[in-house]
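Contents: one structure, followed by commentary.
The values are calculated or read from the model by the stated rules, or taken from the named source; none is laboratory data. As the structure is a prediction and not an experimental result, all values here were calculated from the model. We place every Cβ from the backbone using ideal geometry, glycine too, and count neighbours over all the protein chains shown.
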Amino acid sequence: MTAPGTAGTAPARATGTAVVTGLGVVAPNGLGVAEYWAATLRGESGIGRITRFDPAPYSAQLAGEVTLDTASRLPSRLLPQTDRMTQLALIAAEEALADAGADPRQLADYATGVVTAASAGGFEFGQRELEALWSKGGAYVSAYQSFAWFYPVNSGQISIRHGMRGPGSTLVAEQAGGLDAIAKARRHVRDGTALMLAGGVDGSLCPWSWVCMIRSGRVSPVTEPSRAYLPFDLDVTGHVPGEGGALLVVEDPGEARQRGVDRIYGVVAGHAATFDPQPGSGREPGLRRAIELALRDARLSVAEVDVVFADAAGVAALDRVEVDTLATVFGPRAVPVTAPKTMTGRLLGGGAALDVATALLSLRDSVIPPTIHIDRPAFAEAIDLVGSEPREATLTNALVLARGQGGFNSAMVLRRPA
Amino acid sequence: MLRKNEEGPRGGRRVVVTGIGVVAPGGIGTKQYWDLLTAGRTATRTITAFDATQFRSRVAAECDFNPVEAGLTQRQIRRWDRTTQFAYVAAREALVDSGIVGELHPERTGVMVGTACGMTISLDHEYAVVSDEGRIWQVDEAHAMPYLYDYFVPSSMAAEVAGLVGAEGPVGIVSTGCTSGIDVVTHAVDLIRDGEADVMIAGASDAAISPITVACFDAIKATTPRNDEPETASRPFDRTRNGFALGEGSAVFVLEEFGHARRRGAHVYAEIAGYASRCNAFSMTGLRPDGVELAAAITGALDLARVDRSEIDYINAHGSATKQNDLHETGAYKRSLGEHAYTTPVSSIKSMIGHSLGAICSLEVAASVLAIEHSVIPPTANLREPDPECDLDYVPLVAREQRTDVVLSVASGFGGFQSAIVLAGPGRWAA
């Protein structure tokens, strides 16, 4: 460590442990932590042809849809005022808090808060209201639109439903925001908020969002579900969008013990976010620095990382950057790399948080989940990509990577409890 | 209260404001903005951005923003939503103002932008194109323009500002609806405090004066229907107030670790001395009149700043001019400040520049910093008939010259978010 404030060096960072004591998952291949984890270890994919609307007219037709009638799981008064992604988030929040045995209303005033990651807000709700506006007129727009659509809607609705009155906010960094949200929750815990709910549940499967996502230029046009999202494969064609994600209960370990918690999934040990240099600058992409800073934050050497959950963009040039970075930091094939999101698709603001939940389950069960459908690995000499079968391993530290379109990089280290 | 060589909030590093950039109704640039506020002039008018005749509220504070005159290229103008254009222009002014260009270390510099509505105008317009004005649910991909994804996910805006700055540290969007403009600044402060960056370009931008936004607020009667008197439509704390006037704009700051600023001899406007946010966990839109959670945020911010409530020289209010907000807020001041609530000047600049949603709190932080810089408190315009239930000193109509070292600025918004920030001028921390 060098003197604080010297340009070009990182001063000592805030310390204080934050542990994960509860998980809630809604994913295309499984609802709830147990079902999701079992399906993931079996290599079951949730990717299929879109059923929410007719995908036939569009140049991409596959998605990771969550099969769930949310009306059966939520109070009826919440349904007309929420987008589907918010309904999924409320279901995940409920599971995470129950899993942690936490009822925020029983804890001290302002002792609990919420940080979520978002991408586009409640866009499906928004399409209905835009349609009302343009086809019928302004007087037909719902009184709920102003807050059903907006980016922090999930944080607000979760806070209200569970009485969480501490810090509340939402971060957006395309698909990287989920890690940043969990890191922000860790900061609030270090600053004295006892318990934070953090992560992301996202998704937007309506025709209007679909054409927006297609314009990202990264969505696969392939219509065969097992051939569409093939990161690190010679046949890479883009990714498949999905819906879902995970929310985590992040707590101060002392406060958790006081509540009588005896089961901890892991420690949020390190995090860093970086942004890529401008194109043409000749400077190296920022992913490597995100990894190195996250490891430094966790006080770990590269040799201590037991598994990497890859960003797995599914775009050849981006996969190449990630592979080169991993090979440079860890050495060729020096650490197992996996991409369970090949079973869910990329979940906008929800994917990175789901990867964190998955990494914690990996640490718990000493097993690395598979990466499915990679029949023709493009980088076999550089990375040890876990194949279609789960791999048992002794795991202490997991590294999760996430990148967002536009240049966002984020890395997070999770450590198994001692 | 902090002294020269002490550590900052929570034992971390201290963070100061060294640059300000503004795009606001009534003028582009910090100087024009401050002239408007201190003159007590209002920038609210009948909406010109589109034909608003079908709507209940047809008043807004619009920016007379010419992107060519603002120095944007044709490519930037075609590709970027107005919100991004505002953020970029404000960030550019802040960088120049701080004199930091050429002294930035890319890896130690980050960007955080707050927004409530992202690229609403572009999305509203492009939706109309692909849906044939709402006629088809299965919108037409063939008519989707190439930059649609940049409008879909607003972090594209943070990426563009990062490009301007050359930032390679933490970059992103903070969105908490109407409190975004404070929460983005305090998130950036945390990143510097914790050593993740030495310099953060942080602020908020919103440009959402579009049919869908106006319709949304019409639907809940949050905006003023005083269409026949647009210049005096926004009346915070006034007995006749009947909703906020929609606004637009951006304010962006150069935030810097104190030692970093001092070593390069930068002009320091103010220190971000304390801040806190709370949720009311009550309603997505409603507020209770007691203002308990806002009061808790104020108390938390003062505690962090080690400022006694008697030491606040000026409160830059949320003051949206809705019936319930102004009561809620007045209640929160009484609850948190006790008797001092009655003797501390409070003003709402939304009376002049409207409510620019996520951007407004950054514009209010800018006004707070400028109040410290110039020792002038901007007034609450249009406050001619005091509401007996709003019985504090709201600095009606005319700016007040007064030594101003400690300013509290607050925000309250949809989702139940409540935030407070304490800014301290050189008169305080260099003593």
Q: With respect to A:G345, determine if the residue is away from every other protein chain (no Cβ under 14 Å) and either surrounded by fewer than 24 Cβ atoms within 10 Å (Cβ to Cβ) or out of contact with any Cys (no Cβ under 7 Å at 6 or more places or on another chain) (or both).
A: yes
Q: Would you mind finding the one in A:D306, A:D365, A:D355 that is assigned by TED's automatic domain parsing to the domain that holds A:R288, within 30 Å of A:T86 (Cβ to Cβ) and charged (D, E, K, R)?
A: A:D355
Q: Test B:G331 against the stated conditions and say whether it is in the same structural domain as B:S409 (by TED's automatic domain parsing), more than 24 Å from B:V398 (Cβ to Cβ), under 21 Å from the mean Cα position of the chain (by Cα) and not hydrophobic (A, V, I, L, M, F, W, C).
A: no
Q) Counting only residues that are outside any loop (DSSP other than H, G, I, E, B) and over 18 Å from A:P369 (Cα atoms), how many does region A:309-329 have? A) 14
Q.
Could you check region B:169-193 and list, in sequence order, the residues that are at the interface with another protein chain (Cβ under 7 Å from one of its Cβ atoms), more than 16 Å from A:T116 (Cα to Cα) and part of a helix (DSSP H, G or I)?
A. B:D190
Q: Kindly indicate whether B:A142 is in the same structural domain as B:V189 (by TED's automatic domain parsing) and surrounded by fewer than 24 Cβ atoms within 10 Å (Cβ to Cβ).
A: yes
(Q) Need the failing condition index for B:V89 against (1) out of contact with any Lys or Arg (no Cβ under 8 Å at 6 or more places or on another chain); (2) within 14 Å of chain A (Cβ to nearest Cβ); (3) crowded, with 20+ Cβ neighbours inside 10 Å; (4) in contact (Cβ under 8 Å) with a residue 60 or more places away in the chain, just the number. (A) (2)
(Q) Within region A:158-173, take every residue that is outside any loop (DSSP other than H, G, I, E, B) and within 7 Å of chain B (Cβ to nearest Cβ) and give me the one that is farthest from A:G406 (Cα to Cα). (A) A:I160
Q: Within region B:152-168, track down each residue that is at the interface with chain A (Cβ under 7 Å from one of its Cβ atoms) and closer than 17 Å to B:E248 by Cα.
A: B:P154
Q: Considering only region A:63-116, state which residues are within 12 Å of chain B (Cβ to nearest Cβ) and in contact with a Leu (Cβ under 9 Å, 6 or more places away or on another chain).
A: A:L78, A:T82, A:T86, A:P104, A:A111, A:T112, A:G113, A:V114, A:V115, A:T116
Q. Here are A:A143, A:A108, A:A181, A:A102: which of them is part of a helix (DSSP H, G or I) and either among the small types (G, A, S) or modelled with pLDDT under 95 (or both)?
A. A:A181
(Q) For the structure I just gave you, tell me whether A:A60 is in contact with a strand residue (DSSP E or B) (Cβ under 6 Å, 6 or more places away or on another chain) and part of a loop (DSSP other than H, G, I, E, B). (A) yes
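To keep it simple, each residue is scored yes or no on (1) buried (at least 24 other Cβ atoms within 10 Å of the Cβ); (2) under 15 Å from the mean Cα position of the chain (by Cα).
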| site | (1), (2) |
| --- | --- |
| B:Y342 | no, no |
| B:S348 | yes, yes |
| B:S351 | yes, yes |
| B:A359 | yes, yes |
| B:L363 | yes, yes |
| B:S368 | yes, yes |
| B:P378 | yes, no |
| B:R384 | no, no |
(Q) I want to confirm something. Restricting to region B:92-131 and keeping residues that are part of a helix (DSSP H, G or I) and hydroxyl-bearing (S, T, Y), which single residue is farthest from the other protein chains (Cβ to nearest Cβ)? (A) B:S98
**Q.** Flag for B:H125 being without any contact (Cβ under 8 Å) to a residue 24 or more places away in the chain and either outside the structural domain of B:G110 (by TED's automatic domain parsing) or surrounded by fewer than 24 Cβ atoms within 10 Å (Cβ to Cβ) (or both)
**A.** no
Q. What strands (runs of 3 or more DSSP E) lie completely within region A:330-418 and have 1 or more residues being of a type in the set (D, E, K, R)?
A. A:397-404, A:408-415
Q: Go through A:A378, A:A393 for me and flag whichever is surrounded by 19 or more Cβ atoms within 10 Å (Cβ to Cβ), modelled with pLDDT of 95 or more and either aliphatic (A, V, I, L, M) or over 17 Å from the mean Cα position of the chain (by Cα) (or both).
A: A:A378
Q. Which of (1) farther than 25 Å from B:S277 by Cβ; (2) modelled with pLDDT of 95 or more; (3) over 18 Å from the mean Cα position of the chain (by Cα) does B:A431 not meet, given it meets every other one?
A. (2)
Q) Given the structure, is B:G134 facing chain A (nearest Cβ under 9 Å) and touching a strand residue (DSSP E or B) at 6+ places or on another chain (Cβ under 7 Å)? A) no
(Q) Name the residue that is farthest from the chain's Cα centre (by Cα), counting only residues in region A:105-148 that are of a type in the set (D, E, K, R) and buried (at least 22 other Cβ atoms within 10 Å of the Cβ). (A) A:E129
(Q) Just to check your reading of the model, which residue among A:A198, A:A185, A:A228 is buried (at least 24 other Cβ atoms within 10 Å of the Cβ), more than 13 Å from every other protein chain (Cβ to nearest Cβ), closer than 21 Å to A:G101 by Cα and touching a strand residue (DSSP E or B) at 6+ places or on another chain (Cβ under 6 Å)? (A) A:A198
